[in-house]
Every structure is written in C-alpha cells, then in structure tokens.
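Every read-out reported here was derived from the displayed coordinates using simple, explicitly stated rules and does not represent laboratory data. On a predicted model such as this, the values are computed, not experimentally measured, just so you know. With ideal geometry, Cβ positions are generated from the backbone for all residues, glycine too; neighbour counts draw on all protein chains shown.
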C-alpha cells in the first residue's frame, strides 16, 4: 500500500527498507499454514519447565495463574492478534517498534527480545532436560564427560532445528507441540485416575486468598510464561497468508495454552505435597506419583513421559530460537545491529544461519559458566545473572507494548482482518493493563525486593539469592546495562547499512 494512503505517517527512515533487508526478502520461503502457526505457538508458549515453579507457590499461585490468564494472557493475545494481522512483516516485534519509534528503539528492543533465549537455552533448558534424562531414562554421572555431551547436544540440536529450512524444521516443531500436549493430557487424566483410586492431597482453599506477597512471589515467572503470542510473527514473511491466519491461530493457541498451564498446576497441587514441589521435580514428580496406578508398566510409561517432556523442552528452545533469531537478523539487515553481516539469510535454507550460530555459541558459553559456577557466591551470582538475563524478554515488552499501542492509534487506515473488542479504546485499555503487568514483573527482576519493601513485605535477599541486596542489584543492573550497551553499540556500528535505503515503503 502506498505511503500516502495512511494517516499519521512516520518519517521515511522509519518505514523504508535498507537494500540489505530488501535482498533478504527474496530468500524467504512460504512454509507456514494456519495449523503450523497454532502448533508453533504451542511449542513456543507452553513452558513445561515453569509449570512446577508456578505450582511451588501453592494454591495462591493457582489463583494468580487463573487471574493473570483472564487479565493478562487473553488481552495480550487479542492485541497481538490484531497487530500481527495488520502488520505482517518478517521480523515482527522489531518492525512494529521501528514503524512506531524508529530504528534505534527497535534495535534495542530486538536485542533484549533475542538475547534472553540463547542464555535460557544454555543456562536452564539443557539442565532441566539432563535432569529428566538421568533421573527417568539413563543415569549419567554428574560432572562426567557424558553430561557435557548431553547438554551440548541438546543445545546444538535446538540450534540445528532453527538452522534448517522452516519447511523441514516446522515438522519437528509440530511434533514437539504434540509431545507437550500428549504429556500434559496424559498427566492430567492419570491424576484423575490416581485421585479416584488413592485420594488427593487436601486442597488449601484458605490459601486461595490473594495477597500482594503471593503475587510478587509468582508474578515474574507467570508473566514470563504467559508472553510470546507474537513469536510466529517473526516469520510473517514465511507464512502463506499472515493477514488471515495470524489472529485465528493466536485465538486457538491462547485457549490451549491457558488450559495447558492451569490444569497441570492444579493436578500437581492435588497429588504432590507442597514441600516437594518445585522446578522439574514438581512436574515430573507428579507424573511419577500418579503413574503408580499403572503397576508394572509404570516405569516404562514414565520413561515415555520423560522422553515427551524432553522433546517438548527441545521444541520450546528451538521455536524461540527460530523466532528471536529472525527478529535479530532482520534488525541487522535493516541497519539496527552491527555491520549487517548478521543480517544475511541463507540462500539455501532461507534461515539466519549467522545469528543462529551466534546464539549457539552464546548458549554453549553460558552452559560452561553454569557448569563451573555452581557453589558458594559464584553459584549465587550465576543464579542472579541467569534470572535477570532470561527476564530481559519481559523488559523488551516495555518498548514493544507502547509501540503497538501507537500503531493502533496512528495507523487506523491499515486493513485489520481482526480487531480487538472495543476498537481503539478497547485496544488501548488492554495495552495499558498489559504494560502495568510487565512493568511490575520487570521491576521484580531488575530491582528485586523494591516493591515488597514499599509495601512493607519482608524480603530476605540472603535467603532468596544467597547474596546481599547490594550485590544482587549490582549484578541485575549490570546484566541489563550490558544488554542495553549491546543494543546501542550494535546500532552505532550499523550506520553504513542504514545509509542505503530502498525508496519504497514497508507499510
């Protein structure tokens, strides 16, 4: 559509492509249909690794999980559905921020959005997959060469799935999505059988009463788990019909995802004592407990469940790599990150191999750090840095959400195959609610204990982090500062790429 047909146009520098970015469009291969987008959302959105962590908060966490589904997840799905169908450009969130504010904020947002995932893959997901494998399938001695092999293989298999063509990679991502659904459905149904046969844990109805301290305890992890509906839009240029397929896919994906979080958390609380709930042990311990109803077949079936769990984690990591690596590669090709070298897509595969490789190297380095820094202050520091690094995804939405609210206000002539209930007003109200949630969650990560302190709630840094408040804040602020510096320096180094614009509008 021509530039003059829209109201409230930003400057040409906000809407034009660089020559390098335009060249990458010809390498993209249409591969994603509606069912593929739904399965991509399921693979990327449902974090099996956080279900146990949410359940660790007890019945109050269940209350907040349901409350935040209603007040955050559903509104977030609606505004992402409208934005994704109205602005279906490859690179998704990067493009939206660029259209609203320009390349510098978009470049910073893309770094924060992308850098989370290689660190999460190497610092968390591969550890959880290893623990499931060694506990329920084949024992691997801790610290042995075989542990290193397993974790590195997990990382590079996830990266490899992001490297191959989307047409091929999506098949394994689809299988991973089905694996998640299968293990969750089997777990919930078996819990019902177990409860009928052996009885359930007494449910703490009094604990359902919401408290501020309970909210602050679980809000960051729930919000981290509940974001990501825009992830498929990173590959909008590779969808067959993004304008028609994005919104229906997000609606279906949001319903499946809500059930996939709430029902397993409830199931865990019904069968596992609260003292035994947490992380991997919360989810897989619940599976192990309820599978006892299968008698002699329980060990074999538990192994199958562990394989599905691990493959679901692999799909989780790989799908986010597919999405965020594309966002970062488009940012590089469009003059917002480094010198453009990272903006090249493979002619053969149509994927950003150079950013994929960078992500794999970063994940591997974080794995090495995590394997070495496990005890004492070093282990505590790594825990703080990992928590903050992973949560930069939340911080990126502090830029992304206002940007899409601006697009909703200023570009009303843009065709919108899907509109949120209430039109512009409804969109803006939901946007502000989402932004408030994200701000609280980000504050809880970057400045832990601050909100609790203002509200008079006890917060022991030594008990929670193993470090003093000053040291925790030093490393959280240090982590965010490094991420922001990467964004600003990356933008500065891309000056020559930005100088060569294609004289046509992206909008």
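Only Cα pairs under 8 Å and 6+ residues apart enter the sum, and on that basis the relative contact order of the chain stands at 35 percent. For the stretch 224-265 versus the stretch 136-156, the inter-centroid distance based on Cα atoms is 32 Å.
So, how do all the Cα-to-Cα distances of the stretch 7-505 break down into 10 Å bins, in percent, from 0 on up? Distribution as computed: 4, 20, 31, 28, 13, 4, 0, 0 percent. Express in % the proportion of alpha carbon pairs of the stretch 219-365 at distances exceeding 20 Å. Of the Cα pairs, 63 percent sit more than 20 Å apart. Volume per residue for the stretch 20-156 equals 190 cubic angstrom (convex hull of Cα atoms). For a Förster distance of 45 Å, can you work out the FRET efficiency between the beta-carbons of residue 299 and residue 348, rounded to the nearest 0.05? The computed FRET efficiency comes out at 0.55.
Computed over the alpha-carbon pairs of the stretch 283-394, the distance histogram in 10 Å steps reads 12, 26, 28, 22, 10, 2, 0 percent, short to long. One way to sum up the overall shape of the stretch 231-273 is the equivalent ellipsoid from its Cα gyration tensor, whose semi-axes run 33, 10, 5 Å, largest first. Relative contact order for the stretch 357-456: 28 percent, from Cα pairs under 8 Å spaced at least 6 residues apart, divided by residue count. Residues 261, 294, ranked from the fewest to the most other C-beta atoms within 10 Å, line up as 294, 261.
Once the chain from residue 185 to residue 489 is taken as fully extended at 0.36 nm per residue, the excess over their C-alpha distance is 104.8 nm.
Once you put a point 7 Å from the Cα of residue 450 and another 7 Å from the Cα of residue 30, both along the Cβ direction, what distance in nm separates them? Simple spin-label model gives 4.8 nm for this pair. Across all Cα pairs in the stretch 399-489, the calculated P(r) in 10 Å bins from zero up to the longest distance comes to 13, 31, 24, 21, 9, 1 percent per bin.
May I ask for the distance between the Cα centers of the stretch 47-98 and the stretch 475-501, given as a whole number of Å? What the calculation gives is 27 Å, centre to centre.
Compactness of the stretch 346-451, taken as the C-alpha radius of gyration over 2.2 N^0.38 Å, stands at 1.52. Taking the longest Cα principal axis of the chain as reference, the axis of helix 376-390 is set at about 50 degrees.
Counting neighbouring Cβ atoms within 10 Å and putting the fewest first, the residues 262, 424 line up as 424, 262. Remark: 148, 114 ranked as 148, 114, counting other beta-carbon atoms within 10 Å and listing the fewest first.
Before rounding to the nearest 500, sum -39500 (n - 2.57) across all DSSP H runs of length at least 4 in the chain and divide by the residue total; then give [θ] at 222 nm in deg cm²/dmol. Rounded to the nearest 500, it is -23000 deg cm²/dmol.
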